[in-house]
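Colleague: One structure coming up, written as structure tokens, with questions to follow.
The values are calculated or read from the model by the stated rules, or taken from the named source; none is laboratory data. These figures come from a predicted structure and were not determined experimentally. The area values use the complete protein model at the heavy-atom level, side chains included, leaving out ligands, DNA and RNA. Shrake-Rupley method; radii C 1.70, N 1.55, O 1.52, S 1.80 Å.
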Amino acid sequence: MKISTIKELLQAEVVCCEEGLQHHVYSACGSDMMSDVLAYVKDQAVLLTGLVNPQVIRTAEMMDMVCVVFVRSKKPSEEMIKLAEASGMTLLTTDKRMYDACGILYANGLIGKKVRHV
């Protein structure tokens, strides 16, 4: 699925790195706990979260994610946008709740890979 399709499905707004909309992604995860993302998430390209702090961008970058979708109309700070721009990470924001956003993406074929529990 292209990130542009995620944008359309979630009726999302591009915050930065619009050129990334053409990337193809094959999996996603949703979490507000970056410790869980670091511990359990492997090979996910898109992170959906309601957490708005620079650690989200740093965590996504460490995990080689190419897109972060902020749910519940959350808006990243200028610092977060600069961090994302430096790594070419596309940021989107949607008014949808996490549950709904994840469900929409899953129903349209963007799955999460099996989580490896430690």
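Colleague: What is the percent carbon and sulfur in the accessible area of the chain, measuring with a 1.4 Å probe over the protein chains and ignoring ligands?
Modeller: On the way: 3240 of 6270 Å².
Here it works out to 52 percent.
Colleague: How much accessible area per residue does segment 68-114 have, counting only protein heavy atoms and a probe of 1.4 Å, in square angstrom?
Modeller: 55 Å²
Colleague: So what J values fall out for segment 41-49 if you push phi through Karplus, 6.51 cos²θ - 1.76 cosθ + 1.60 with θ = phi - 60°, rounded to Hz, Gly and Pro as x?
Modeller: Listing the rounded values in order: 9, 10, 6, 9, 9, 10, 10, 9, 7 Hz.
Colleague: Let me ask something else about it. Going by amide H atoms built from the backbone, whose H comes under 5 Å of the H on Gly30, apart from near neighbours?
Modeller: Amide H to amide H, under 5 Å and 5 or more residues apart or across chains, Gly30 pairs with Leu48.
Colleague: If you take the Cα Rg of the chain and divide it by 2.2 N^0.38 Å, with N the number of residues, what do you get?
Modeller: Output field value: 0.93.
Colleague: Tell me, in nm to one decimal, what length is gained between Lys75 and Glu8 on full extension, where the rule is 0.36 nm per residue of separation less the Cα-Cα distance?
Modeller: 22.3 nm
Colleague: Remind me, relative contact order of the chain in percent, using alpha carbon pairs under 8 angstrom and six or more residues apart?
Modeller: On the way: 236 pairs, mean separation 39.2, N = 118.
Taking the mean separation of contacting Cα pairs over the length of the chain, I get 33 percent.
Colleague: Summing -39500 (n - 2.57) over the DSSP H runs of n ≥ 4 in the chain and dividing by its residue number, what mean residue ellipticity at 222 nm do you reach, to the nearest 500 deg cm²/dmol?
Modeller: -10000 deg cm²/dmol
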